[in-house]
Each structure stands twice: as structure tokens, then as C-alpha cells.
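Visitor: Before anything else, here's the structure in question.
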Amino acid sequence: MLRETLEILRCPYCGGRLELVGALHHRADDRAIEEGILGCHCCVFPVVSGIPVLHLQPAAVEAREHIEQGRPDLALRVMNGVIDLAQAEIVERTAASGRSTYRELVDALGPAFEGGYFLYRFSDPTFVVADAVVRSVGRVVLGGRARALDVCGGSGHLTRSLVGLSSPAPVLADLFFPKIWLARRFTVPGCEAVCCDGNAPLPFARGVFGLALCSDAFQYIWTKRQFIGEMARVVDHKAGAVLISHTHNQLAWSASHGQPLSPAGYRDLFETLEPRVFGEGGLFEDVVSGGPLDLSRRDRPDVVDRDPALTVVAPAPGIASEVWRPHAIDPPGTASGCVTAVKGRWRINPLYVASADGDGLRLRLTFPTADYEDEYGACRRYLPEDAAIDHAGLAALEAGRLTPALADLVRQRVVLDLPERYY
Ligand SMILES: [Zn+2]
């Protein structure tokens, strides 16, 4: 973590500033802190592998003790949930190799981790909608002059969408340490990561973000009222916005339901901002048709009530009129977060199985499991059944160039901008 990030961090329990405890074991320079102990008025917290761990769950307490004893390797094992010695050696060997991929590290962390769908995340319908909403709202409230916060952001897939818009670099927060550890290595190198609990007050100062985002996680937060109060507190009250994308709807069943509220329930959580609740279905149609993403719409109550997934946008009053309008959608691969802005690479979408065809490849859309198809089959609306890449296209792809034919495949999301060493 950068030392300057301490300026925006606060203890979740006393609200006090955090400082590196110089008398205890630490590894830091003038610019960044790799490991050490942070202290406030009430507690001490560890920094593990450049990530401040700002909660007091048992693993965090144990990790803090390891850091104090000068054993950052053991602290990292505890935070990554790696208990078995043989597994720890595999994880550490994989992590130490400069050539290992995100997928290999996920595999090393164990079969219970991530489930496997992360591989397909960048083209699933939930991501595609959230990406368009995040970029549209982000252009208004961040515009390269304010900072974004992605809470419960997991491995940072959407945080990556904010890299070109957030200045300084976005902050990714999640309770599950291995996800943000992987994000800093692969998905969003350069982001700041904070390990914290979404059911506790957020460990940030008031008004320091332009955008506070939570995607595909809010239905699992129990303390919803506190969470929204905290999201509203940490954004700029004059020019910021809170965005809850893809949260489930109590009135419509969905897979991995969580503890969702009704649309009216979500609206009532906001005390200081005026939210609008959108059905994800309408936003999805906007994205599939190539845009614009129409945030001037007011979805009818019956439409919102029957949509299994909702998006809640709550801008500060001063910028609301800039948010409540149609927004042009960046075609895939052209946005500020693509290969040119974040270190990424053009790769064939892993949902396609390739077979040799002359000296090129024939690609066929193939779902990994029936469950995946059930949950994300709407991607058929933009992913073609079949595609092909000729020899010249393959050579260009390998060299990181786009030919006109490849650019078409990027538009169709058959070729994706993926993080370096993703799989
Ligand atoms: Zn404190």
C-alpha cells in the first residue's frame, strides 16, 4: 500500500487515523508499506503483502501476531486460508514464479476458491451490464479527477473498468483476502486493496471518493442500512454517487438469492441521496443494442418488481441531471480500461472451444456447465455460436495487434481484453 493511502483510511471502530507503528516489525520505504502494524486510538491492524487488514476476525488477529513476530510468510498463509503445509508450498512456489497465471494460483488456493466462473466473468451478462453502468456513472462523477471505491469487489473485475476514470487509482475492498491479493497481482495491478468487513463501518474518511460501488454482493450484506449510510458518507456529498449494481430482488426469485430487499426496500435505505432503482433487464437491452445506456428512464413499478436483478443509482443532487440522461456505451475493447490503459492482452474468450481449420481456428461457443448456461445463457444475445480466425488473424493476436476482422470479433466479445497472465 502507498503511504499516502493512510490519508483516506480510518479505523472502522473508533474512526481514528491509522499510522505505521515504527517500533514494531515492518518493511516499508518512503513511498509504500509492504508489511507492518497500523495503530489507531483503539486497535492495531496488520498490513499483509501490501494490503491493510482492517477488521478483527480471528485470521486477522493471528496474522497480526505473525507480522509482529517478523513472519510475514505465516501471516500471508493465514489470510489466504492456507493451513496445510504441502498446499502452502504449492501456493508459494506458484506465486513466486513470474510466469504463473491467475488461473494457476486460483487452482493452488484450492477447489473451494472462486468456483471457476471467474474465468468467464469478463463476458457474462451481469458483468457486461455493470461495466456499462459503472463507466457511464464513473465518467460523470470521476472523470479522471476523483477516486473510485469498489466495495465487496472480489478479484477486481469491475475495479478494472474504473482504472482509466479514477484518479488516484481505485480502491478495491473485500473481506475475502485471497481475492484482493490476486487482484493486485493480476486483475488490477496498481489498485489499492483494503481487507475490511462490509457488515462493519467502512474504514475510510468522509467524502474522499467520487464513486462508491458495490456489485453483485449487496444481497449478502446483513447490515444494509449501515452499509448504505457508510457508502453515502465516504462519497463527495456535492459531486459523488453511490452505485449498487446487480443486487437481487426480494419479489423475484434468482439463483444464489441471499437476503435481498424489494425495490421499495432498497429506496428506503437512502436518507441523504435520492436513488433510482432500475430493472437490469432494461439496461441489458440497452447494452445489447449498442446503446445508449438510458439512465433518464423511469422503469414502471411492475417492470422493476418482476426483474430478478436491480441496479440502484444515487447521485449527489448537484450532479444528478448529468447522471439522469442517456450515455453512449464504449464498444468492447475501445474504452479507457482496455489493453492500452491497463496492462492487458487480446485473448480468445474462454467460452469458445477452438479446433484447427486449415491454418486458422474455428471457434464454437461452449458453456462449461449446464448451471453456467442456466445462469448466464443470456450471453447468447451477443456471443455468436460460431466464429473463425484465419492465420493472419492468429499472428496479429499473438503480436497484440487488431486486424479489422479481429476488431469485429472484439465487438462481438469473441476476443476479449483480459489481464496479462489471466489463464
Ligand atoms: Zn480504532
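Visitor: Taking 8 Å as the Cα distance limit and 6 or more residues as the minimum spacing, I'd like the relative contact order of the chain as a percentage.
Guide: It rounds to 13 percent for the chain.
Visitor: Same structure again: How far apart, in nanometres, would the label points at Glu373 and Arg145 be if each is projected 7 angstrom from Cα along the Cα-to-Cβ direction?
Guide: 5.1
Visitor: Could you tell me how far the Cα centroid of region 152-213 sits from the Cα centroid of region 386-423, in Å?
Guide: A separation of 29 Å, based on Cα centres.
Visitor: Going highest first, how would you order 386-394, 39-47 by mean Cβ packing within 10 Å?
Guide: 39-47, 386-394
Visitor: Where a ≥ b ≥ c are the square roots of the eigenvalues of the C-alpha gyration tensor, would you call region 263-316 rounded, which needs a/c under 1.5, or, failing that, prolate if a/b is larger than b/c, or oblate?
Guide: It is oblate, given that a/c is not under 1.5 and a/b is not larger than b/c.
Visitor: What are the ³J(HN,Hα) couplings of region 260-270, residue after residue, when phi is run through the Karplus curve with 6.51, -1.76, 1.60 and θ = phi - 60°? Round to Hz, x for glycine and proline.
Guide: Once rounded to whole Hz, the list reads x, 9, 6, x, 5, x, 4, 4, 5, 6, 8.
Visitor: Now a separate question. Does region 162-210 classify as rounded, prolate or oblate by the C-alpha gyration tensor (a ≥ b ≥ c root eigenvalues; a/c under 1.5 gives rounded; else a/b over b/c gives prolate, otherwise oblate)?
Guide: oblate
Visitor: For region 273-285, in order, what is each residue's ³J(HN,Hα) by Karplus, 6.51 cos²θ - 1.76 cosθ + 1.60 with θ = phi - 60°, in whole Hz (x at glycine and Pro)?
Guide: Karplus-based 3J(HN,Hα) across region 273-285 equals 10, 9, x, 10, 10, 10, x, 5, x, x, 5, 4, 4 Hz.
Visitor: HN-Hα J couplings of region 9-23 from phi, Karplus 6.51/-1.76/1.60, θ = phi - 60°, integer Hz, Gly and Pro as x?
Guide: Rounded to whole hertz, the list is 8, 9, 4, x, 9, 10, x, x, 5, 10, 10, 5, 7, x, 6.
Visitor: Using modelled backbone amide H atoms (1.01 Å from N, in-plane), which distant-in-sequence or interchain residues come within less than 5 Å of Gly36's amide H?
Guide: When sequence neighbours closer than 5 places are left aside, the close amide H contacts are Arg27, Val47.
Visitor: Please work out whether the chain counts as rounded, prolate or oblate from its C-alpha gyration tensor, where a ≥ b ≥ c are the square roots of the eigenvalues and a/c under 1.5 means rounded, while otherwise a/b larger than b/c means prolate and anything else oblate?
Guide: oblate
Where a number appears in this text, it was derived from the coordinates with a stated rule and is not lab data. Keep in mind that this is a model prediction, so the values were computed, not measured. So basically every Cβ, Gly included, is an ideal-geometry build from the backbone, and we count neighbours across all protein chains shown.
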